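Student: The structure under discussion is supplied below as structure tokens; questions concerning it will follow.
The values are calculated or read from the model by the stated rules, or taken from the named source; none is laboratory data. It should be emphasised that the depicted structure is a prediction, and the values quoted were computed from it without experimental measurement. Cβ coordinates were reconstructed from backbone atoms using ideal geometry, including for glycine residues, and neighbour counts include every protein chain displayed. Just so you know, the surface numbers come from the protein's heavy atoms only, side chains and all, with ligands and any DNA or RNA stripped out. Shrake-Rupley method; radii C 1.70, N 1.55, O 1.52, S 1.80 Å.
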Amino acid sequence: MKRRNFLHTTAALSAATALMPSFLKGKTFFDVIPNEKIAGFEGDSITIIIEMFGGNDGLNTIIPLHDEKRYLELRPNINVPKELAKNFNNLDLFLHPNLVDGVQNGGFIKMLQEGKLAIVEGIGYENPNLSHFRSEELWLSGINTANDKQSFYEGWLGRFIANRLPNYPIEIPEHPIAMQIGGQINLMLKSNKGDMGIALSDPTEFYNLGNGLTPIVPAKTGTTNFDNEFNFVHALGRQSDMYSQAVYNAYNAGKGKLKATYSGGYLSQQLKLIASLIAGGLKTKVYFIKLNTNFDTHVQQTNGDSTTGQHPAMLSNVASGICDFMLDSQLQGWSERVAGFTFSEFGRRAYENGSRGTDHGAGSMLFAFGDSKYLNSGFYGEKPNLADFSVDPKGLDENGNLRYQFQYQRVYVDFLENWFNATSDEIKAVFGTTYLPMGLLKKRTVDVESTETMTNNNFFKLYPNPTSGEFNVSFELTKNSNVFAAIYDVSGSEHNVFLNGNLTGGNYNLPISITTNGNYFVNIVVNGKRYVTKISVVK
Amino acid sequence: MDKRDFLKTLVVNHENPTMPLNEFTTPLSRKNAIHLLRRMGFGPTLTEVSSIVGKTPAEAVNMLIGANYFGPADPTADWVNTPEENPLEQIQAIKSEIEGRLNSRYAQFVDWWASQMRNDSNPAAEKFVLFLHSIWCIQYSYDTTALIPPPLLYRNNKTLRKYRLSDYKTLALNVSLDGAMILFQSLYYSNKSKPNENYMRELMELFTMGIGNYTEADIREGSRALTGWRTAAYVGEPFPFGYFETWFDSTAHDIGAKTFMKETIAAREEQDNTKDQVLEQELKGILNIMFDKRGTEISKFIANKAIRYFIYSNPASDDSTFLNELASDFKNSGFSLTTLFTKIFTSEYFYQDIIKGIQIKTPAEFIIGLEKSLNVKYTSRRTAMNALEQELYNPPNVGSWKAYRTWVNTKTFPLRVKYANEIIKLATKTEIFDLAYAIPNYQSINEFMLGLEEIFFPVTLPVETSTMNLNFLKNESKLDATTWAAGINGKTDDVYNAIVFVIKKFVQYPDFQLT
């Protein structure tokens, strides 16, 4: 095992009693690493992830009034009429009124105007699974598999964090790297080394239960199975103790620093807790909140007026929470550090059912939010095509579900690369493949202030374009460089990698071949800087 | 590395061939007796320990396994027999009322089962039932909306108990016919026009042979053979044999020929479309084909599950020699679970020192085991086990509890300490001194401490830790090596408080979580 900079601390030993034999006193039992010293986690960026579990009805969130006739046909009883929807002119978008009305600071329309909100339409994966649990597992594990029965025991963030903690559990982070608010630790944060985060409901309760639990017996130095399991539990005792104190202290230091008013909604209240922890100096990198099941709107999802009922209430909850939190972060002066996104395991059927509700569907949508300095605000994707399958094969699928446009892992890659400095190798270690980032964020790191967006900037030439399949990629390297070059399909999934390694300076001209018609993205990452160009293959 | 290789790395599966399956014939030391009771049951009482010390492993296992125990008499309570209407078909107010009753009965059922685990008379029976429940998972709350009636859960539990020592195929047959399984795995909704593939897939993937040993066509054809089975789950639905009994709806059964694993199950005439014939030729027929054609795979799959459950859950530590020989004996015995369990608990492999203390206690082992070692009864055990993330008959998904290291996290570790302290508080002077006097040479303070540690920890503590414990005991009891005997014989408050103090210290040592 590689040893890095350790912070040796014996602070938690105050729990041990004076009766300990003298040889144990003052001995260093464990190693703690400050979060900012963990390789790759040097920055102070924070990601907020909000799960809208149950299957959010995307078509009644961002209203498809670009095809009003068809929308009203699909949803005669539960539609949001044009006169109620909130129009965002710049993008010709129509938002559910509850994303704006009753939400402080102008709601999601104002966030769009100020460049703090992005909307991704048609996020999902091939062959959607319509079981809540299975589809959720795919989203949380970050693994796409045609094999519906593969069991998952690790999540995408759990794997990512675990890879950055090579000495865990001998060496543990000073503050929890990730935190789930409420419930039991979710699959997303699980890894083969154990949970890569903690679940928190109430800082005071956690403190009362966890404070003082560092084992007064030393960790084992051997590597037998017994030693390994002993040390695993030992680390959890230490973490319960250290983290319960760190969380409690941060909470108490931060709760008085809040500057915005938070609404009484569940999400708002949970984000208020998170804002207190951030304001109080907790160095947690990822916060996760799961909104439970109320998005599963099979029956009576809205009352007669479209703005009250189960689904509209949840939308108010989401918009208020995000707007309250982002306003607070701005007033407190740390809005540039935070960015986040929502997700839902699937969307809902395009046509309503007989119970004023909608059944499980596909083609979900999500929101991303952050400071305008780093978020690439706007609308991603095509407006959904609502045509019946028999009329337009590119419309709804045979089951009446929306098509997906983007592979869901692309959003994760945005956050891993731009917020946590992940390399292409790390992305591959997490997902088993790479994905083209969605492009929602600009890079934010401590050392390198880079705000590259995904453009080519004439770095490489691609010709001919369009192509019949055979084409050339040419570029010049001014010095020895680390190059990762891959082609992605239109959903953002990896088609093939054509370069991965260190290249000497000079001119390169590579012949490439793609056999199937379609649009692709050619992507070259040089020393961490990404260049992308779209190419059409037409035979 | 391609995608397929990557997916394989997600569950590490190294093979470490080290040790053949040999019988361990040395009479049980105290240490080995405790080890056996910890793994084969939920943890020892000192009476149980003394009842098997000095016996050979074979004698002890034969005694503990409870071959003649088929379970307690049916309790007379609402949750055992009361049918309800299907809540999903009611208006909201009625639905909530029915669900309220179902939730309360579900809780009573779990309380009942957990109290069976706490029962001292059959130390291994309920551990085996729990092992089988964690393979043949059933979730009370199995979709965002649906609940399985608790009387069906009870009947499934009874089936597992009744067949826990039978051959695995007989168990498979009987669980397949359990109403809870029929409902949970959608057989209830399966019919000839639209066979539901859920159960056929899980039967092969999760319950018998594992993925990769069958084709999608096998699932489709097998599902056709399993159409027509129903259970009388709700008031207002047909119940030809009474509520909660399984029946056969011949009109829903697909009578055409099926080709399953390249074997043909012949088409039948309408007059042969009867419960008995379909059961015999199709359900049993499918199971016979599975066990005939995939016997080796089934034996390995199940033997591996038993090893992970009873020996070590870490998938990276599988011993291929031991596994292969165990699987082979299991298969050759006609898939006898008695053979499987006996071979494990009488093996040299099981009694190696490197096996002791490497398993993280499940919530059931943690709670029930502590109750047993202190001879107390903890009425909140269901609440505690739920909070520790093991809800009986409500695992997180059909793939069961993820187990192993997922049992302990920063949420459950502090709760384990909390619940342990609540349980220790239940031990009055009577229980503490009963425990103390059962320790050999308890009148020596050193021997007493070693004996106490032996009850609560799976491996001998380092001398330094033991010395620290001794200091705690001396300090709290205000006694020393020479005055200890008088103090403990006198059952003084100081001694009682000191022993409780030390046990509470134990709770925070990492190895207290291990078994």
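Student: Against the longest alpha carbon principal axis of chain A, how many degrees, from 0 to 90 and to the nearest 10, is the axis of helix A:266-279 turned?
Tutor: Tilt relative to chain A: about 50 degrees.
Student: How much FRET efficiency would the formula 1/(1 + (r/R0)^6) give for A:N89 and A:D227, where r is the Cβ-Cβ distance and R0 is 56 Å, rounded to 0.05?
Tutor: That gives a FRET efficiency of 0.30.
Student: Between A:K539 and A:E42, what is the FRET efficiency for a Förster distance of 60 Å, r being their Cβ-Cβ separation, to the nearest 0.05? Working shown, then result.
Tutor: Numbers: r = 48 Å, r/R0 = 0.79.
Between A:K539 and A:E42 the formula returns 0.80.
Student: Would you mind checking which residues have amide H under 5 Å from B:Y140's amide H? H placed 1.01 Å from N; only 5 or more apart, or other chain.
Tutor: Sorted by chain and number, the residues that satisfy this are B:N394.
Student: Sum up the charges of everything whose Cβ sits under 10 Å from the Cβ of A:L84, counting Lys and Arg as +1 and Asp and Glu as -1, but leave A:L84 out.
Tutor: Once positives and negatives cancel, what remains is -1.
Student: Check A:F379: other-chain or 5+ apart residues with amide H under 5 Å from its amide H, H built from backbone geometry?
Tutor: Amide H to amide H, under 5 Å and 5 or more residues apart or across chains, A:F379 pairs with A:I119.
Student: Suppose R0 equals 30 Å. What FRET efficiency, 1/(1 + (r/R0)^6) with r the Cβ-Cβ distance, do B:V235 and A:V299 give to the nearest 0.05?
Tutor: Calculated transfer efficiency: 0.85.
Student: Tabulate in residue order the Karplus-calculated ³J(HN,Hα) for segment B:255-264, using 6.51 cos²θ - 1.76 cosθ + 1.60 with θ = phi - 60°, rounded to whole Hz; enter x for Gly and Pro.
Tutor: 8, x, 6, 10, 10, 10, 6, 6, 9, 9
Student: Got a number for carbon plus sulfur as a percent of segment B:443-515's accessible area, 1.4 Å probe?
Tutor: Result for segment B:443-515: 50 percent of the exposed heavy-atom area is carbon or sulfur.
Student: Right, another one. Hey, any idea what % of segment B:290-403's accessible area is carbon plus sulfur with a 1.4 Å probe? Please report the intermediate quantities before stating the final value.
Tutor: Values: 1520 of 3430 Å².
After summing per-atom areas, the C and S share lands at 44 percent.
Student: Applying the Karplus parametrisation 6.51 cos²θ - 1.76 cosθ + 1.60 with θ = phi - 60° to the phi angles of segment B:349-366, what ³J(HN,Hα) value in whole Hz is obtained for each residue in order, glycine and proline being reported as x?
Tutor: Running phi through 6.51 cos²θ - 1.76 cosθ + 1.60 with θ = phi - 60° gives 3, 5, 8, 4, 4, 5, 8, 6, x, 9, 9, 6, 4, 6, x, 5, 5, 5 Hz.
Student: How many Å² of accessible surface get buried when A and B come together, counting both sides, probe radius 1.4 Å, rounded to the nearest 100?
Tutor: Result for this pair: about 4700 Å² buried.
Student: In addition: Tell me whether chain A comes out rounded, prolate or oblate; compute the Cα gyration tensor, take square roots of the eigenvalues as a ≥ b ≥ c, and use a/c under 1.5 as the rounded threshold. Display every interim value, and only then the final one.
Tutor: On the way: a/c = 1.90, a/b = 1.26, b/c = 1.51.
Oblate is the answer for chain A, as a/c is 1.5 or above yet b/c matches or exceeds a/b.
Student: Listed highest first by mean packing, meaning other Cβ atoms within 10 Å per residue, what order do B:266-278, B:489-501 come in? Let's see the in-between values first.
Tutor: Values: B:266-278: 13.2, B:489-501: 16.5.
The peptides rank, most packed first, as B:489-501, B:266-278.
Student: Report, in cubic angstrom per residue, the convex hull volume of the C-alpha atoms of segment A:103-217. Walk me through the numbers before you get to the answer.
Tutor: Details: hull volume 22.0 nm³, N = 115.
Here the figure is 191 Å³ per residue.
Student: Would you mind giving the mean number of other chain beta-carbons within 10 Å of the Cβ of each residue in B:413-423, as a whole number?
Tutor: Per residue, the number of nearby Cβ atoms from other chains is 4 on average.
Student: For B:K377, which aspartates and glutamates qualify as cross-link partners when the Cα separation must be under 13 Å and same-chain residues fewer than eight apart are set aside?
Tutor: B:D111, B:D120, B:E422, B:E431
Student: Of the peptides A:498-511, A:465-478, how do they stack up when ordered by the mean number of other Cβ atoms within 10 Å, highest first?
Tutor: Numbers: A:498-511: 11.9, A:465-478: 14.4.
Taking the mean over residues of other Cβ atoms within 10 Å, the ranking is A:465-478, A:498-511.
Student: Next up: Specify the angular offset, from 0 to 90 degrees and rounded to the nearest 10, of the alpha carbon long axis of helix B:412-425 from the longest principal axis of the alpha carbons in chain B.
Tutor: Tilt relative to chain B: about 60 degrees.
Student: If you don't mind, another one. Excluding residues fewer than 8 places away in the same chain, name every one of the lysines whose C-alpha is closer than 16 Å to that of B:K162.
Tutor: Leaving aside lysines fewer than 8 places away in the same chain, those within reach of B:K162 are B:K127.
Student: Can I ask one more? Work out from phi, with θ = phi - 60° and the Karplus expression 6.51 cos²θ - 1.76 cosθ + 1.60, the ³J(HN,Hα) of each residue of segment A:108-117, listed in order in whole Hz, and give x for Gly and Pro.
Tutor: With coefficients 6.51, -1.76 and 1.60, one gets 5, 5, 5, 5, 5, 4, 8, x, 10, 9 Hz.
Student: How large is the accessible surface per residue of chain B, computed with a 1.4 Å probe and reported in Å² as a whole number?
Tutor: Details: 19160 Å² over 515 residues.
About 37 Å² of surface per residue is accessible.
Student: Based on the mean of other Cβ atoms within 10 Å per residue, sort peptides B:240-250, B:337-347, B:369-379 so the most packed one is first.
Tutor: Final packing ranking: B:337-347, B:369-379, B:240-250.
Student: Another one. Which cross-chain or sequence-distant (5 or more) residues have an amide H under 5 Å from the amide H of B:D167, H modelled 1.01 Å from N in plane?
Tutor: Sorted by chain and number, the residues that satisfy this are B:L337.
Student: Return the loop-located trypsin sites (Lys or Arg not before Pro) in segment A:322-383 (DSSP other than H, G, I, E, B) with at most 15 other Cβ atoms within 10 Å of their own Cβ; answer none if there are none.
Tutor: Counting only loop positions with at most 15 other Cβ atoms within 10 Å, the trypsin sites (Lys or Arg not before Pro) in segment A:322-383 are A:K373.
Student: May I have the extent of the alpha carbons of the protein assembly as shown along their three principal axes, as whole Å values ordered from largest to smallest?
Tutor: Here the Cα extents, ordered largest to smallest, are 90, 83, 60 Å.
Student: Then there's this: How much length, in nm to one decimal, is gained on full extension between A:F459 and A:E68, taken as 0.36 nm per residue of separation minus their Cα-Cα distance?
Tutor: 136.5 nm
Student: Can you tell me the orientation of helix B:295-310 relative to chain B, as the angle in degrees between its alpha-carbon axis and the longest Cα principal axis, to the nearest 10?
Tutor: 30
Student: Return the average number of partner chain Cβ atoms within 10 angstrom of each residue Cβ along peptide A:150-160.
Tutor: Mean number of neighbouring Cβ atoms from other chains: 3.
Student: Work through the residues other than B:P72 whose Cβ is under 11 Å from its Cβ and net out their charges, Lys, Arg +1 and Asp, Glu -1.
Tutor: For residues surrounding B:P72, the net value is 0.
Student: Which residues in segment A:391-430 have a backbone N closer than 18 Å to a point placed 7 Å from the Cα of A:E382 along the Cα-to-Cβ line?
Tutor: Residues A:391-408 fall inside that zone.
Student: Ignore the peptide's own chain and count Cβ atoms of other chains within 10 Å of each Cβ in A:230-243; give me the average, rounded.
Tutor: Per-residue shielding by partner chains comes out at 6.
Student: While we're here: Please report the net charge: other residues with Cβ closer than 10 Å to the Cβ of A:H360, K and R +1, D and E -1.
Tutor: Residues near A:H360 contribute -1 overall.
Student: Would you work out which of B:S141, A:G254, B:A384 lies farthest towards the positive end of the dipole of the protein assembly as shown? Charges go on Cβ: Lys and Arg +1, Asp and Glu -1.
Tutor: The residue sitting farthest along the positive end of the dipole is A:G254.
Student: How much accessible area does B:E99 have with a 1.4 Å probe, in Å² rounded to the nearest 10?
Tutor: Taking all protein chains as shown, B:E99 has close to 40 Å².
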